[in-house]
Each structure stands twice: as C-alpha cells, then as structure tokens.
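Scroll down for the structure; my scribbles are underneath it.
The values are calculated or read from the model by the stated rules, or taken from the named source; none is laboratory data. All values reported here derive from a predicted model rather than from experimental measurement. Cβ placement follows ideal geometry from the backbone for every residue including glycine, while neighbour counts extend to all protein chains displayed. Keep in mind that these areas ignore ligands, DNA and RNA; they rest on the heavy atoms of the full protein, side chains included. Shrake-Rupley method; radii C 1.70, N 1.55, O 1.52, S 1.80 Å.
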Amino acid sequence: MAAATVVGGTWTRTSRSSLSLVVVFLLLHMGVGATATPPRHHTAAASGITLRVDDYLHQVAVDNGLVQVTLSKPQGHITGVRYNGHRNLLHYDGSQNSGGYWDVVWNYPGSDQPGGMMDTLDSTEFKVVVSSEDQVELSFSSAYTPSSPTSVHLHVDKRLVVLKGSSGFYCYAILEHARDWPALNVTEARLAFKLNTDAFKYMAVSDDIQRYMPSAADRAEPRGAPLAYKEAVLLVNPQEPRFRGEVDDKYQYSMDNKDSTVHGWTTAGGVERSPNDNPVVGFWVITPSNEFKSGGPTKRELTSHVGPTTLTVRLLLLYLQIEHAGDELYTACVCVCMSQMFLGTHYVGNDIVLSISGGEYWKKVMGPVFVYLNSRPRRGGIGGCDHSRALWADAKAQARAEAGKWPYSFPKSPDFAKAGERGGVTGRLLVRDDDRFTTDDDNNDAAAAPMPVGTEAYVGLAAPGQAGSWVTECKGYQFWTATTATEDGFVFTIANVREGVYSLYAWVPGVLGEYVHASPVTVAVGGAVVDLGDLVFRPPRSGPTLWEIGVPDRKAAEFFVPDVDPRFANRLFLHKDRYRQYGLWARYAELYPDGDPVFTVGRSEPWKDWFFAHVTRKVGEGRYAPTTREIRFRLYRVVADGTYTLRVSLAAAHMSRLQVRVNGRGGGGAAELTTPEFGGGNAIARHGIHGVQWNFQFPIRGYLLREGDNSVSITQTRADGEFLGVLYDYVRLEAPPAHCRDPTATATTWRT
C-alpha cells in the first residue's frame, strides 16, 4: 500500500514504512506519547501548500508551512491541527465527537426518537477540488441512504480550504434536501472543536468576557456538583483552588450573533512554564458574516465553554473513566469545547426548528468560517493573561480583516455566491411616532420630530413574512446592517445580498414595534442595487402616553438585576452582566418573602424596583405559585366610554400565560385580557437578558378606571416550575385616541 503526496498540484508516490512507524505516526496525531516537534518557521509558507493523501492510514494532511491540518478519509473529521511547535491542538482519540467535526440533531415525522438523533455527518466520498501552490480545497460528501432509518435526509458536502500564507483554515458546508426525499426536522447544526484541555486554559468571547477556566475534570463528581440542570455545576473541589465555590455553566458565555464575530482559547496557563516551552497559542473561530446563521442579529447562541456537560442527544460527550483517590471512579470530560452554531433552538424554542417537508427542495451554504491560529513567544515576567489579551486583540483585528474580504472569492463551490453574483438594497428609514395626538391630522409626517442624531437602527433582509418573523427564520439567508440617525433620518445600504426575494425589516432601540416593507424586495444577480427610497415607520400607538416603564430596546437590562447568591457566584460577573449569574430566579422569593412588590408610577424606579424577570415563587419542595406585578398610578380625568391601551413588550418568555386585571377586575370580561400560553426559549434558566420579543396589546374599557388612584396587575399564571416566566422589555399605558377624548380632559404623563 502506498500514500500519495500532492505538492503544488503534482501527484507523487511515497512508500509505506514499517508497521511500527505507522503506529507512531498515528499516535502523534492522537496527541499520545510523543515529544513536541521543533517550532515551524513561518517563512516555510513561501514554498506553497503540500497535500498528502494516505490511503493506508485513511487520512489527508494539508500543510501550508504555517499550519498542518489532518482529516480522516473519507469521513472528513479533523483529527489534528499542528501549529508552531504544538503537535496537536485538538483532543482526538478516534471517537466521532472528538477533534473537529460537523453535526446535526435531527428527526422525522413518526420517529420513535422524540428527543431527536445526533449525526456527526460522516462522509462517504472524498475529492480534491483544487490543489495548487496557492490553495487546497477538499470535499467530503455524503447522501441520504433510503435503506437506513438513521440516515439523515440530506446531502452534505463538507469543505476545507487552506490558503498559502494563511495562519489557519476555512470550513464550510452545503446542505441539500432533494425534492423526492422524505421530511425532516433539524434542531441544531454546528461545527465543533474539542481542544486539548492540557494546553488550553484561557477563554475569550468578548473584550469583557474572558478568563482562566476550570478544567473539564473539575465539572465531574466529586470535584463538581450538578445544580438545577446538568449544564450548571458548582465547583466544590477543583484541581486549582482559585475556582472553588464558583459555578460553571456554558450558557453564561452565550452571545448575540451580531456581537460574536470571534471567540476562542489560548494556551496561556495560570503558572508560567520555562522560557524554552512552546509559544503561547490562540485557537479562534472567526465568523466573517452572519448571513448563513438562523434567527438574525439578535439570536443568542453558545460560543466557547469547558467541555460538554451531559450525555444527551443534543450534545453527545466524550468521557473517560478516571481513577480517583480511594479507588472511586468518576466520569470526566477531557476536552474544552468551542462551537460555531449555524442553527439552534437556544433562547428561541421550537419555533426556529428547521422543518423541511417531503417534496420540498432546500439548499443552504453554511460558512465559510475561519479557524485562526496565532502565537506569542513566552517572555519572563509577562503573565499569561497579558499574553492572552494580546492574542485576543490580534484575533479581533483578523476578524475585521476577514469581514472586509466578504464575500470570499476563493470557495470553489458554485453554491457560494461571489461578489459579482450579489446585489444590494439602499434607502432611508423615517420614524414617525407622535404621542401628542393633539390634532386629527395624525398622518402628517411633520407632526412628529425626527429621531435624535446618533440613534441606532437595524435594517435587514430576510425571508418574506410578517413583522418579527425573521427571529425564527432559518431556511434562508439574512442580511443586516446597523445605521445611525442623521438629520435626514436613517440612511442605509445593505450590500452583498444573495439573489432572492426578501422582506425588508427594521427596528430602532428605544422605539416600540418593528417596520416591515409592504412589498417584497427582489435582489437580482449582477450587482444591481435596489433603491427603496423613503420608508416611513409609524410605531404602534392608539393614543398619547400616560405612563411608561422601561425602554423598548428588546432587552431587560434596565431593570433590577439582583446580586447573586454568594454560594453560586461566577466571579467574572460580580460587577458586570450580572444577569449571567446562576440562580437569579430563586432570588425573587428571597428578596420579597412576604409578597409581590408594588410599582408606583412617578415614585418607583425600574432599575431598583422592577425585578427583571417575572418568575414563579417556590412555596415548597417541587411546588411553585404564580406571582403578580402591580402598577399603581393616578389619573385626573377618565374617558369612561373610551378605550385605553396597555402595551406589554417582553424580551423573552418561557411557557407563560399573562392575565391583566384593572383595579381588581378584568377588562370587561377577563378572557379578553388573558394571553394564550406562549414562549419556549428558556432564557431565564440560560441566563439571558433577552430571547424572542413578544408584544401584547390589552384594551381597557374606560369605565374600569377612575379619577384618582388606579392599579393594573399583571399575573403570570403558569407555575409548573422555577424556570417559567417572562423577561420584561417595556410597559406603556395609552389614553384613548384624541377624537375619543373629552377635549377638556387632561392627563399626567410619566416617563419612568
């Protein structure tokens, strides 16, 4: 048996060595029992890219002089990443969920697996798409096998690209469902890397969220104690004492798509080793565009974290049995994890599941994303944190550079649209929200003042739908831009849009509601720009504002977030992003043991008097009770035959039902002031400050109100567990429209 080597596109043959050398070679790629190789000088990249295809070992290796990537053939699992003296940055032991791999969690109608099935998308065909001194692109593909009930109903083409002089490699995949294939549902699609926990100690997901991390072994009993759910673990006896008493939970490090362009790990440890050791290395996943992600810019998703935590169908784990003192055995994960989530239900729920019907054709390109490797020599006196922050700064700069290259020109798949195959959309958004309602000319654009200069707005293209439908859209692509207001309004340009038919959506933090363009927007091939002209957004309003609580920005950040119970703290979040702490849902009953607090308009303050999450109250072991938010306010005049409007905007909800009562009564029939059950994002348990926005409008008959003191009570009536509830965004009471009001009536307005 022989191995084939490609250098600059020319194939040569090399003979197989003895069996002992083969075993040593395999062990090297598994990261077992060998000494580190000397650092590879970056100048070696000048010689081009080497591709080695080894039929005996069933693997492929690509080396550009900076990085060497090894993959199984034909499966397409990334088994090794060698860089700058580190023989393998991945943890790989031959199992499917080690190293680097794509996977999906999927199901089909009538399946006997209600939790779904995980498939690591093993390929059956391998092909060299291109091999030259400047670029190697490899394809690992598989197709649906009707005779196998566990074969995912997709054609999958996984691609890996290595470029000359590039300190990293690119990954993308094309997923396709043929029209004559049966239906399926996909709840999760991702690219995951399991890194070597002995090497990687420091994690960074943003400027403010980065730290040394406990080891994966610390999470397993008896070193760690599972809390209310297995993802959350109290570190009771970690290997490093500095982590003792902290909670580790992967959801604490989730980020919005728009804020997650790069995340990863470095090999800087808490104790610096000798200057002769390998350089400090960073392993980063860079997302140059979010067009292929589901849920739009505000979709919240997992990033990097200490190894997976539960043996479930959603995240299958790599576990080893490790001997503990006293001849006890405990189970410990031996890797740290970083994921590029393309599709997931986190913080949204089942509304975002990818559902493809039988007879439906579907195709989507996911990626490319860039796996970036950087390094920094160890110097005496320089701490690991300083090394890591320097590598983080460099990774951010690389992320900006990658975004500037989008759409990439190098992918060889014809399904990836290049710049010349894309178009754009431009226009101007004008916001007209006049809460004065002092004349009957409510449609006069001049009646409302323009938005303050510098106000931010988000404008995007997604599949045709209703306002807000983009937050659960996952089949197609989305294209968003952020723009700031000038004296001329929000002028926007959305560039590099793939051919297709879209709806245009827009929303402005600080303004209730959302704009959706009345007509579909068609983007054609060839770089043409569609000019939509002036778009007028009139936020929802029935009458002038009487009072409001919060800011309509789709988050609950302006409300009262309590201090964490000291027994369950993550020290990183003691003074910032406190909502990321574990167990805040239980703090409500501890802070208000004698009953629910009352919010008085004009006297109470949202930042200290309005608990950010409307949660249940624990009243016994496994027993919970509903809670109520009471709002008290004064009216000097009441339009008895008019209709007032209570608007409740929620930043997230999980299995909730709201009931509104006015001065202890329903709104002229309690049923009309009760919502159906809604929500499934589990944002409260997952430490989110938002999930999916929900907006409710409750009509209140004027005769239910009275001159003087009034109250509105909002009860979350479902109390089947501790994680049920909502996160508030904004609450507003509006008077009847001007033409329904007594012209002599006056109203007092509070902005709280």
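Could you work out the relative contact order of the stretch 545-751, using alpha carbon pairs under 8 angstrom and six or more residues apart, expressed as a whole percent?
33 percent
Given R₀ = 35 Å, FRET efficiency for ASP112-ASP563 by Cβ-Cβ distance, to 0.05?
Computed FRET efficiency for ASP112 and ASP563 comes out at 0.15.
Of the peptides 541-547, 144-150, 501-507, 55-61, how do they stack up when ordered by the mean number of other Cβ atoms within 10 Å, highest first?
Put in order of decreasing packing, that is 501-507, 541-547, 55-61, 144-150.
Looking only at Cα atoms, what is the convex hull volume of the stretch 644-706 per residue, in Å³?
Roughly 85 Å³ of hull volume per residue.
Work out, step by step, the length gained on full extension between HIS155 and ASP207: first 0.36 nm times the residue separation, then minus their alpha carbon distance; give nm to one decimal.
14.9 nm
Express in Å², to the nearest 10, the accessible area of LYS73 obtained by rolling a 1.4 Å probe over the protein heavy atoms while all chains stay in place.
The value for LYS73 is about 30 Å².
Roughly how many nanometres apart are two label points built 7 Å out from the Cα toward the Cβ at ARG637 and THR426?
Using points 7 Å along Cα→Cβ, the separation is 4.9 nm.
Which lysines have a Cα less than 25 Å from the Cα of LYS405, not counting those fewer than 8 places away in the same chain?
Answer for LYS405, where 25 Å is the Cα cut-off: LYS158, LYS164, LYS258, LYS293, LYS299, LYS363, LYS364, LYS396, LYS418, LYS475, listed by chain and number.
At a 10 angstrom cut-off on C-beta neighbours, averaged per residue, how do the peptides 418-430, 676-688 rank from highest to lowest?
676-688, 418-430
In nm, to one decimal, how far is the SER711 label point from the ASP134 one, both placed 7 Å along Cα→Cβ?
Between SER711 and ASP134, the simple spin-label model gives 7.4 nm.
Would you calculate the separation in nanometres between label points at VAL598 and THR145, each defined as 7 Å from the Cα along the Cα-to-beta-carbon direction?
Roughly 6.9 nm, to one decimal.
Computed over the Cα atoms, what is the radius of gyration of the stretch 545-751 divided by 2.2 N^0.38 Å, N being its residue count?
Computed over Cα atoms of the stretch 545-751, the ratio equals 1.05.
Checking the cross-link filter: which aspartates and glutamates have an alpha carbon closer than 15 Å to that of LYS73, excluding same-chain neighbours under 8 positions apart?
Qualifying aspartates and glutamates at Cα under 15 Å: ASP54, ASP55, ASP122, GLU125, GLU137, ASP157.
Only residues of the stretch 401-430 count here: report those whose backbone N is under 13 Å from the spot 7 Å along Cα→Cβ of THR486, or say none.
From the stretch 401-430, the list is 427-429.
Subtracting the Cα-Cα distance from 0.36 nm times the residue separation, let me have the gained length for ALA625 to ASP198 in nm, one decimal.
Once the chain is fully extended between ALA625 and ASP198, it gains 149.1 nm.
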